[in-house]
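What follows is a short report on a single structure.
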Amino acid sequence: MKTKVAIIGAGIVGASIARVLSKYENLEVHLIEKEADVGWGVSKANTALIHGGYDDDPDKYPMRAKLCIRGNRLWHQWVKELEIPHIWNGALIVALKDEDFDELERLLERGQRNGVPEMRIIDREELFHLEPNVNPNALGALWVPIVGQIGPIPAVIAIVENAVANGVKVHLETEVRGIKVENGEVKGIETNNGFIEADIVINAAGLYADEISKMAGIDYFEIHPRKGEYWIFDEGIPGPNHVLFPTPTPISKGVVVTTEISGHLMIGPNAQDLPKDYKDDTSTTREGLEEVWRKAQEIWPNLPPRWKVIRTFAGLRPEPTGGDFIIKAEEEVQGFINVAGIRSPGLTSAPAIGYEVRDIIERDLGIKLKEKEKWNPYRKEITHFFMLQPTQINELVKKNPAYGRIVCRCNKVSEGDVLEAIERMKFIGVKTPSVDSVKFRTKATSGTCQGSFCKVVIINLLAREYGIPPWKVTLKGKGSEIGIGDVKVLLRGEAQ
Amino acid sequence: MNTLQYDVVVIGGGPAGLAAAVKAKEYGLNVLLLDENEYLGGILPQCIHPGFGIHYFREELTGPEFSHRFVQRVKDLKIDYFVKARVLEIKNYSDLEKIVAFTSPEGAFEVWAKAIIYATGARERHAFEIGIVGDRVAGIYTAGEAQTLMDIYGVMPGKEVVIVGSGDVGLIMARRFALEGAKVKAVIELMPYPGGLARNVMILRDFNIPLYLSHKVVEVRGKKRVEKVKVVKVDENLREIPGTEFWIECDTIIISAGLIPQVKLLTDIGVEIDPATGGPVVNDLLETTVPGIFVAGNSLLINDLVDYVAEQGELAAYGAKLFIENGGIPAEKWIKLEKGNNIRLAVPHYLSGKRDVYIYARVRKPMENVVLNFPEIDRKIRLPVVRPAEMLRIRLRKEEIAKARDKITMEVVQ
Ligand SMILES: Cc1cc2nc3c(=O)[nH]c(=O)nc-3n(C[C@H](O)[C@H](O)[C@H](O)COP(=O)(O)OP(=O)(O)OC[C@H]3O[C@@H](n4cnc5c(N)ncnc54)[C@H](O)[C@@H]3O)c2cc1C
Ligand SMILES: Cc1cc2nc3c(=O)[nH]c(=O)nc-3n(C[C@H](O)[C@H](O)[C@H](O)COP(=O)(O)OP(=O)(O)OC[C@H]3O[C@@H](n4cnc5c(N)ncnc54)[C@H](O)[C@@H]3O)c2cc1C
């Protein structure tokens with residue numbers, strides 16, 4: 001008989017756990033997510049860095065220190081197997097004052113303790129050779145070549161697609177409201193879509209992991225939201241070649257200046273602690289954005305004019321009591337595993353967290369896992385018109401003319417790309433079509449014009465493929481419908 | 001690779017491109033017209049209100065009617081065209097050898113052409129560009145996006161609307177929403193005067209819509225959809241006045257905060273751009289700084305009236321014809337048009353004195369009882385009023401222009 005596993009939360013962490021567990025014959029894995037699509041929680045809005053692993057103090061935060069570097073190494077493999085957009089361009093932690101070198105030395109030492117390879121402190125000359133436009137007063141930097149960047153939501157999507165191909169069942173728009181525990185053992189989870197039986201419940205609910213844990217009667221930690229805000233600028237504005245950090249302070253890694261994987265200059269985040277019940281407040285603020293601007297300027301003085309911005313956004317870090325990741329099988333409730341407080345560097349650590357949870361299942365729950373004979377490690381990325389040569393376009397057009405039609409002008413996304421994205425949405429079980437689901441799979445609507453031309457075209461494609469009227473298509477799930485009805489709905493007095 | 005060969009490729013099938021294609025064909029040139037939408041007409045098919053063609057056709061048409069007349073001409077003249085065809089790149093090998101690379105449901109093509117007429121229109125500024133912060137939720141649309149939803153696809157975006165910007169597009173959308181039964185709660189304008197033509201400002205009175213001048217929207221809040229927006233008053237220097245903030249509840253925000261000429265394909269090949277217009281620097285045949293590439297309509301400068309857009313398209317076609325016939329634009333010297341007092345922008349930038357020209361210009365700020373003065377050539381025009389919202393269109397004769405040595409200044413004086 002198979003052991004039933006329910007993973008709560010389809011963020012980068014839940015998805016990575018699902019992928020690792022999908023390797024085993026004797027597990028039946030369910031991935032439960034309250035949103036309309038995967039990766040829309042903390043994993044959506046962050047700096048998208050695969051950190052180097054030098055930052056986390058192994059004495060204070062042993063889990064972070066251990067899993068970050070492991071995660072980094074695993075990502076080098078996962079991005080290839082799963083065709084996740086990425087770039088390994090390395091990071092420079094920039095020193096602006098003489099004292100900063102003391103901190104860089106400390107980081108170097110810590111990195112070496114954590115097993116980070118190839119780090120070294122470089123002088124002014126080498127820094128300017130690597131990064132000619134950094135603040136002219138910079139004195140040197142710590143160079144960490146193994147740092148990289150990925151598309152965080154594309155990563156979640158890729159991992160979930162692969163997990164589904166290997167038998168994982170995804171339950172979207174399914175909110176966990178209770179956990180059934182009998183005689184100290186988990187029995188399953190109560191959701192808005194009914195009861196789901198489970199022998200193992202894994203809590204990977206991001207900001208809400210404390211609330212899920214409470215449902216199982218375990219309440220020794222809390223999660224506080226800590227906001228970080230960002231600016232992204234139009235294409236063509238020169239950004240750095242590497243990921244630039246300021247020398248960190250005890251409270252923060254500081255505002256990063258980077259060219260994100262699509263080629264846009266991005267700056268952020270700041271760090272603003274919010275009250276505990278502000279877990280859905282991802283609004284941007286004037287003050288926060290100003291702070292980011294000021295701090296980014298310290299390492300990158302040539303910021304573009306402000307109107308060159310194409311988007312500002314904010315994300316919330318799930319900060320746990322104690323500061324370290326909480327990853328363990330809870331003894332009071334047999335079968336309940338907390339994977340909570342996965343704050344930064346959670347994106348980096350996620351694959352390693354997947355294996356950590358596997359080990360916990362074997363070691364602490366005493367379940368002997370049997371590997372599947374046929375497990376498919378690979379997943380193909382969808383077609384991206386912007387990566388095609390004209391001859392390839394002509395071949396695709398012969399199969400389906402939709403590949404020749406551009407939908408998103410700014411990012412060169414074809415109708416064929418969008419149709420593939422919609423197919424993939426259906427493959428993992430997306431029931432409510434949204435523009436964001438297409439955006440995260442294709443990059444449509446995320447360029448210079450932010451979708452003012454193509455959003456309507458995408459809405460109509462979604463409406464056609466899902467067989468619903470266009471006004472029922474959403475921006476980001478139920479409650480964010482594009483319209484209130486047909487254009488005469490108010491005149492007929494029908495809209496509520 | 002599919003290759004084609006034409007005298008002229010017209011990029012963009014809005015009124016500028018349509019007028020250019022028709023005229024070029026009438027001149028006997030072999031023309032290809034390309035547009036990426038599913039239909040020709042540019043933004044006109046979605047502008048279902050009247051107000052088009054008063055100068056060009058001497059009657060008041062709706063957008064679809066205006067565009068239909070040109071599309072009919074395109075068909076009558078059997079002009080080759082592709083829709084759903086997006087131009088991805090222009091390559092300039094030599095003056096009379098250019099390549100336009102495009103993709104369409106028929107495949108990827110390269111077109112060899114002697115001249116190019118670039119008429120790609122404009123894009124709209126969005127909420128992020130004007131510094132609005134808060135939640136990124138449903139219910140925020142640019143005016144053109146809302147117009148396409150309503151008048152091409154028949155979707156009603158929302159029922160309680162705040163419009164950001166009092167330009168023509170914003171005002172017309174205020175009326176569209178009101179006519180379909182929505183409550184337009186406010187039009188918010190940053191400047192101390194409305195941004196649209198007087199005839200469109202009347203809409204606000206007709207539909208009882210409050211206009212807040214010297215105000216700006218700074219923040220949007222809502223969980224899944226817009227619930228309210230924060231508005232603040234600004235002083236004469238456009239600085240926010242603390243303590244004047246207030247919230248308006250609404251479910252829809254329409255951003256109508258200006259248009260930006262789409263010139264990416266031109267800047268990619270080094271065409272010089274005028275920061276004042278956002279469009280290319282051109283001569284009196286609307287030729288850009290790359291010989292043989294002409295530009296018209298909203299990708300040249302933002303026009304209020306489609307009539308002038310069509311006029312520019314026809315001039316560009318004439319330019320292309322001269323260019324092809326002579327292997328270049330013949331001119332002995334170029335006289336620079338300089339911007340003097342209260343002139344924010346003026347096009348074309350260079351005049352030859354061989355041709356009469358229309359100068360299209362905008363002022364920086366409103367003034368009454370003024371003289372539009374061209375000191376170098378002794379030309380004075382009295383005007384009761386000039387406003388930033390209304391583009392000036394002034395005809396200069398070639399004999400006048402030829403009087404100037406190397407520049408002509410255009411200025412507004414009392
Ligand atoms: C500003 C910022 C910058 C960061 N930068 C980096 C970085 O550069 N590198 C790095 O490694 N890390 C970074 N991080 C950290 C990283 O983003 C997180 O650690 C990681 O995304 C957490 O993933 P998760 O899967 O645990 O959480 P989430 O992505 O939030 O996933 C949890 C999921 O659970 C779902 N859920 C919640 N409650 C329920 C319920 N009751 N029922 C069903 N589903 C539920 C949510 O909808 C969500 O989808 C950053 C974080 C922030 C905020
Ligand atoms: C809401 C609104 C109301 C208006 N009301 C009036 C009015 O009452 N009276 C009036 O006279 N004027 C009005 N106008 C102004 C008038 O419609 C415009 O000035 C005119 O449409 C501009 O024409 P254009 O050809 O330059 O651009 P557009 O009409 O924008 O056409 C450009 C075309 O180029 C295509 N294109 C762009 N890039 C490419 C590419 N790379 N490859 C292929 N194709 C491409 C686009 O798809 C588009 O079809 C209004 C405008 C708006 C938005």
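The values are calculated or read from the model by the stated rules, or taken from the named source; none is laboratory data. None of these values were measured; they are calculated from a predicted model. Don't worry about glycine lacking a Cβ; one is built from the backbone with ideal geometry, like all the others, and counts go over all protein chains shown. Keep in mind that these areas ignore ligands, DNA and RNA; they rest on the heavy atoms of the full protein, side chains included. Shrake-Rupley method; radii C 1.70, N 1.55, O 1.52, S 1.80 Å.
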Within the range A:289-308, work out how many residues are in a loop (DSSP other than H, G, I, E, B), within 14 Å of chain B (Cβ to nearest Cβ) and surrounded by 15 or more Cβ atoms within 10 Å (Cβ to Cβ). 1
Considering the range A:372-429, residues that are open to solvent by less than 50 Å² (accessible area, probe 1.4 Å) and of a type in the set (Ser, Thr, Tyr), and then whichever is farthest from the other protein chains (Cβ to nearest Cβ), we arrive at A:THR383
Scan of the range A:332-360 for residues that are open to solvent by 20 Å² or more (accessible area, probe 1.4 Å), more than 8 Å from ligand 1 (Cβ to nearest atom) and more than 20 Å from A:ILE189 (Cβ to Cβ), ordered by number: A:TYR355, A:ARG358, A:ASP359
Return the only residue of B:GLY144, B:GLY158, B:GLY131 being touching a helix residue (DSSP H, G or I) at 6+ places or on another chain (Cβ under 8 Å), outside the structural domain of B:GLY297 (by TED's automatic domain parsing) and assigned to a loop (DSSP other than H, G, I, E, B). B:GLY131
Across the range A:309-321, which residue is farthest from ligand 2 (Cβ to nearest atom) among those that are at pLDDT 95 or above and open to solvent by 40 Å² or more (accessible area, probe 1.4 Å)? A:ARG317
Return only the number of the condition from (1) at the interface with chain A (Cβ under 7 Å from one of its Cβ atoms); (2) within 14 Å of B:ASP35 (Cα to Cα); (3) not in a loop (DSSP other than H, G, I, E, B) that B:LYS84 does not satisfy. (3)
Filtering the range B:81-96 down to residues that are surrounded by fewer than 16 Cβ atoms within 10 Å (Cβ to Cβ) and either under 30 Å from B:ILE54 (Cβ atoms) or modelled with pLDDT of 95 or more (or both) yields B:GLU89, B:LYS91
Those residues that are buried (at least 17 other Cβ atoms within 10 Å of the Cβ) and in a helix (DSSP H, G or I), I need them from the range B:378-414; list them, please. B:GLU400, B:ILE401
Is it the case that some residue within the range A:65-72 is farther than 26 Å from A:ILE327 by Cβ and open to solvent by 50 Å² or more (accessible area, probe 1.4 Å)? no
Look at the range B:136-173 and say how many of its residues are open to solvent by 20 Å² or more (accessible area, probe 1.4 Å), under 15 Å from B:ILE253 (Cβ atoms) and away from ligand 1 (no atom under 16 Å from the Cβ). 4
Can you pull out every residue in the range B:166-206 that is within 14 Å of chain A (Cβ to nearest Cβ) and not in a helix (DSSP H, G or I)? B:GLU180, B:GLY181, B:ALA182, B:LYS183, B:VAL184, B:LEU190
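For (1) open to solvent by 50 Å² or more (accessible area, probe 1.4 Å); (2) more than 14 Å from every other protein chain (Cβ to nearest Cβ); (3) among the aromatic types (Phe, Trp, Tyr), each residue gets a yes or a no:
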residue: B:HIS215; (1), (2), (3): no, yes, no
residue: B:VAL220; (1), (2), (3): no, no, no
residue: B:LYS224; (1), (2), (3): yes, no, no
residue: B:ASN237; (1), (2), (3): yes, yes, no
Write out, first by first residue and then by second, each pair whose Cβ atoms fall under 6 Å of each other, whose residues are 6+ apart or on separate chains, and whose first residue, in the range B:126-145, is at the interface with another protein chain (Cβ under 7 Å from one of its Cβ atoms) while the second is aromatic (Phe, Trp, Tyr). B:GLU129/A:TRP307
Output the residues belonging to the range A:441-476 that are in a loop (DSSP other than H, G, I, E, B), more than 7 Å from chain B (Cβ to nearest Cβ), within 26 Å of the chain's Cα centre (by Cα) and not charged (D, E, K, R). A:ALA444, A:THR445, A:SER446, A:GLY447, A:THR448, A:GLY451, A:CYS454, A:VAL473
Where in the range B:1-67 are the strands (runs of 3 or more DSSP E), entirely inside, with at least 1 residues that are near ligand 2 (Cβ under 10 Å from one of its atoms), surrounded by 22 or more Cβ atoms within 10 Å (Cβ to Cβ) and within 14 Å of chain A (Cβ to nearest Cβ)? B:2-11, B:31-34
The residue from A:GLU235, A:GLU211 that alone is within 16 Å of ligand 2 (Cβ to nearest atom) and either open to solvent by 70 Å² or more (accessible area, probe 1.4 Å) or within 30 Å of A:ARG286 (Cα to Cα) (or both) is A:GLU235
Please identify the pairs in which a residue from the range A:113-129 that is exposed (fewer than 12 other Cβ atoms within 10 Å of the Cβ) has its Cβ atom under 7 Å from the Cβ atom of a residue that is part of a loop (DSSP other than H, G, I, E, B), counting only partners at least 6 apart or on another chain. A:GLU118/A:PRO145; A:GLU118/A:ILE146
